[in-house]
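Read the structure below first, then the notes.
Values in this text are rule-based calculations from the coordinates and carry no lab data. Computed from a prediction, not measured in an experiment: that's the story for all the values here. Neighbour counts are summed over all protein chains in view; Cβ atoms, including those assigned to glycine, are modelled from backbone coordinates with ideal geometry.
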Amino acid sequence: MTNLQSYFQTNMLLLEVEVVVVGVGTLGIAISACLNKFNIKNVVLEKEDCCAYLWKKKTYDRLNLHLAKGFCSLPFMPHTTSTLKYLSKMSLFNT
Ligand SMILES: Cc1cc2nc3c(=O)[nH]c(=O)nc-3n(C[C@H](O)[C@H](O)[C@H](O)COP(=O)(O)OP(=O)(O)OC[C@H]3O[C@@H](n4cnc5c(N)ncnc54)[C@H](O)[C@@H]3O)c2cc1C
């Protein structure tokens with residue numbers, strides 16, 4: 001039995017999904033948003049206790065994105081004109 005099967009059995013979950021996305025980093029969030037847009041059922045699994053684990057727990061607080069905001073937006077969530085060009089780590093989680 002795989003870990004995934006075991007997890008669903010233990011937690012008595014019965015989900016019908018077409019796609020399983022592993023990891024809730026920026027990529028997992030982006031992919032899930034796109035799948036939702038096309039009404040493709042998906043479930044996103046994360047091994048840590050939060051989403052965006054790398055950014056939330058493994059980076060220093062004064063970190064800013066290294067790329068300008070135009071290159072760093074999530075699908076369907078463009079940054080506003082009033083957003084700073086280089087977003088701070090903290091502002092990433094408040095948008
Ligand atoms: C200092 C720094 C500055 C950066 N600046 C920028 C920038 O300015 N602009 C930009 O676009 N990018 C930047 N990046 C890069 C960006 O952070 C990464 O490209 C991005 O986080 C990659 O996203 P990801 O979802 O692929 O991986 P990650 O963010 O690493 O997410 C992977 C997730 O999968 C989970 N996971 C792994 N294995 C499993 C498993 N077996 N089961 C369940 N969950 C699992 C992990 O816990 C994690 O939450 C920067 C990175 C760093 C370190």
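Each listed q (0.20 Å⁻¹) maps to a log10 I(q)/I(0) for the chain, found by the Debye formula over equal Cα scatterers with no solvent: -1.05.
Assuming charge only on the beta carbon of Lys and Arg (+1) and of Asp and Glu (-1), the dipole of the chain about its Cα centre is about 460 debye to the nearest 20.
So how tilted is helix 26-37 from the main axis of the chain? Cα-based, degrees 0 to 90, rounded to 10. The helix 26-37 is inclined about 70 degrees to the chain.
In a fully extended conformation the segment linking Lys56 and Leu84 would gain 8.1 nm over its present Cα-Cα distance, using 0.36 nm per residue.
Between Val20 and Leu74, the C-beta separation translates, for a Förster distance of 25 Å, into a calculated FRET efficiency of about 0.80.
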